[in-house]
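The values are calculated or read from the model by the stated rules, or taken from the named source; none is laboratory data. Computed from a predicted structure; not experimentally measured. Every residue, glycine as well, gets a Cβ built from its backbone with ideal geometry; the counts of neighbours run over all protein chains shown.
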Amino acid sequence: MAEETEASAPGKILWIGGYSVLERTNVSYVTTVKSYVHVNIKPSGENSVELNVPQFDMNVRGGMDPSSGKLAVQGPKELTLLKTSVEIALRYASATGERLHGMLVNTKNDKEFSYAITGGRIVKSGLGSSAALTVAAIACTLKSLEVKASRDRIHKLAQIAHSIATGKVGSGFDIAAACYGSIVYTRYSPELIRSLPEGFSNSELLRLVKKKWDYTLERLQFPEDFRMTFANFIGESMNTASSVGTVAGFKQSQPEKYNELIKELNQANIEAVDALKKISGGDEGATASFREAFERGRSLTKELGRLSKVGIEPDDCSALIDESEKNGALVAKLPGAGGKDSVVAISTSREDQGVLKKFWKTRKELDILRLEMGKKGFTM
């Protein structure tokens, strides 16, 4: 029994592949940032688990079945993800024959994950705190139980836990980044997780985790000359689940038009990723190709929003991006699912980044965050 354990998982920015990554085998590019969700676990001799989330002023405690790892913990829905992540890790450990123990689980988010409190509620920055929490909680729980698990298995357990807790099977790019760092990623087949029956056993969980999954990932670092600037829209937010659902409705109602657009979008994304690889390999001449493909992908994503009647890139944000590219940005976009969560830009020199920040500071709707680009996934 480890005396006390800690794990931290990073936030992310999805640069390439918004919406299209939901389809196999479309490409995406996601980077991590040096802002983390931290999980600390202290073991307990009792057959109970206590979940403490001080930033949300939440604390609950419940029983744990020492033979299966299943939890009897009741609490607000905001704790569902943490509870599910800890339970999945406990059940996996039980399936591998490990002895379980009770624990006190504490979490802490770096300040960049929430940028304001509007009307008494915390507003997220869109950096993937849910995925980071899931990965950190699973990694820390297994470490507390002294279970040796590969990064691949922690990744699969996190994908399963996140899907169960949220009630949907997403592409998993955010979980993958929290595990592996900055990567080029294509999603796994959703049938893998959907194959788990309701009320699945621990042995069924173990079999799924041992099984080879069909996602692909390739580590790719941000080019050294690229400088990232990130800002939140003050008082605004995008409901990712709702927007993804609305786009899915467009897919269902107009499958041919949807498939044609997504195919064209993925081609632009492939070209942008290929150019990024060349730039990272020292070919500065590929920067123009990257910009052209990136802009084409952004335009197609905006068109997807127009056809789906979702504000993936509202016109006023398009105007902001266009002005940003005249004031120090090589490219800029609304990352991830888009909408007025945040805007992110790339500059290719310190001077250009300074020009961009000066411009953004004149925009009252923006709050620039002090974010640093990361490279790695979770640490313990």
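Taking segment 270-288, which residues are surrounded by fewer than 16 Cβ atoms within 10 Å (Cβ to Cβ), modelled with pLDDT under 95 and assigned to a helix (DSSP H, G or I)? Correct list: E284, G285.
How about segment 203-258: which of its residues are more than 29 Å from G311 (Cβ to Cβ), within 18 Å of the chain's Cα centre (by Cα) and not in a loop (DSSP other than H, G, I, E, B)?
Result: T216, L217, E218, R219.
Just to be sure, is R291 without any contact (Cβ under 8 Å) to a residue 24 or more places away in the chain and either surrounded by fewer than 19 Cβ atoms within 10 Å (Cβ to Cβ) or more than 18 Å from D367 (Cβ to Cβ) (or both)? Answer is no for this residue. So, in segment 147-186, how many residues would count as being modelled with pLDDT under 95 and closer than 17 Å to F378 by Cα? Residues flagged as modelled with pLDDT under 95 and closer than 17 Å to F378 by Cα within segment 147-186 amount to 1. So for segment 347-354 (the condition being at negative phi, assigned by TED's automatic domain parsing to the domain that holds S253, in a helix (DSSP H, G or I) and β-branched (V, I, T)), does at least one residue qualify? No: zero hits. In segment 11-26, the residues that are within 19 Å of M373 (Cα to Cα) and modelled with pLDDT of 95 or more form Cβ pairs under 6 Å with partners that are charged (D, E, K, R) and surrounded by 24 or more Cβ atoms within 10 Å (Cβ to Cβ), at six or more places apart or across chains, as follows: K12/D174.
Residues that are under 23 Å from L217 (Cα atoms), without any contact (Cβ under 8 Å) to a residue 40 or more places away in the chain and among the hydrophobic types (A, V, I, L, M, F, W, C) within segment 268-288 comprise A268, A275, A286, listed in sequence order. For segment 46-87, filtered to residues that are touching a residue at least 24 places away in the same chain (Cβ under 8 Å) and assigned to a strand (DSSP E or B), the residue that is farthest from L100 (Cα to Cα) is V53.
Which condition breaks for K302 when tested against (1) without any contact (Cβ under 8 Å) to a residue 40 or more places away in the chain; (2) out of contact with any helix residue (DSSP H, G or I) (no Cβ under 6 Å at 6 or more places or on another chain); (3) in a loop (DSSP other than H, G, I, E, B)? Of everything listed in (1) without any contact (Cβ under 8 Å) to a residue 40 or more places away in the chain; (2) out of contact with any helix residue (DSSP H, G or I) (no Cβ under 6 Å at 6 or more places or on another chain); (3) in a loop (DSSP other than H, G, I, E, B), K302 misses just condition (3). Scan segment 314-344 for residues that are closer than 16 Å to T301 by Cβ, touching a residue at least 24 places away in the same chain (Cβ under 8 Å) and small (G, A, S) and jot them down. Listed by number, the residues that qualify are G336, A337, G338, G339, S342.
Limited to segment 339-364, what total is found for residues that are of a type in the set (S, T, N, Q) and either touching a His at 6+ places or on another chain (Cβ under 9 Å) or modelled with pLDDT under 95 (or both)?
Applying the first criterion (of a type in the set (S, T, N, Q)) to segment 339-364 yields 342, 347-349, 353, 362.
Among the residues that remain, those that are also either touching a His at 6+ places or on another chain (Cβ under 9 Å) or modelled with pLDDT under 95 (or both) are: 342.
Result for segment 339-364: 1.
Contact map, segment 210-237: first residue buried (at least 17 other Cβ atoms within 10 Å of the Cβ), second residue among the acidic types (D, E) and part of a loop (DSSP other than H, G, I, E, B), Cβ cut-off under 8 Å, separation 6 or more or different chains; pairs are N232/D341; F233/D341; F233/E365; S237/D341.
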